[in-house]
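The values are calculated or read from the model by the stated rules, or taken from the named source; none is laboratory data. Just so you know, these numbers come straight off a predicted model, no measurement behind them. Here the Cβ positions follow ideal geometry from the backbone for every residue, glycine too, while neighbour counts run over all protein chains shown.
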Amino acid sequence: MVNLALDRISQKHYDQALELLTGVVSIRADFLPAANALGTCYFYKGEYQQAKRHFLTAIELNPACIEPYFNLGQVLLQEQKADQEIHGIL
């Protein structure tokens with residue numbers, strides 16, 4: 001199911017991916033690949049707060065897994081760029 005959701009993300013069908021992943025975590029909230037994929041999906045949708053929440057969940061599930069840390073870093077970089085753009089306009 002997660003692989004199908006990742007395929008949907010790669011095709012930019014984010015809402016379909018979210019539906020699949022939400023179903024997975026409703027059955028297994030402790031499934032790290034689903035939490036990480038949810039974060040990825042929200043990241044691509046530009047919903048950074050949701051993305052952070054899911055990446056942090058993935059980190060809590062397995063602090064030794066590197067991928068959610070990297071993904072969280074990508075969110076933080078995007079947020080920093082957005083803040084810099086806002087300050088440049090003001």
How many residues, within the range 7-30, are under 19 Å from residue 56 (Cα atoms) and under 14 Å from the mean Cα position of the chain (by Cα)? 4
Here the residues within the range 47-72 that are surrounded by fewer than 16 Cβ atoms within 10 Å (Cβ to Cβ) and either touching a residue at least 24 places away in the same chain (Cβ under 8 Å) or more than 22 Å from residue 82 (Cβ to Cβ) (or both) are 60, 62, 63, 64, 65, 66
Using the structure shown, decide if residue 36 is exposed (fewer than 15 other Cβ atoms within 10 Å of the Cβ), modelled with pLDDT of 95 or more and in contact with a helix residue (DSSP H, G or I) (Cβ under 6 Å, 6 or more places away or on another chain). no
Condition first: surrounded by 15 or more Cβ atoms within 10 Å (Cβ to Cβ), out of contact with any Cys (no Cβ under 8 Å at 6 or more places or on another chain) and not in a loop (DSSP other than H, G, I, E, B). Now tell me which residues in the range 1-33 satisfy that. 2, 6, 8, 16, 20, 24, 25, 33
Taking the range 58-90 only, how many residues are part of a helix (DSSP H, G or I), modelled with pLDDT of 90 or more and not aromatic (Phe, Trp, Tyr)? 14
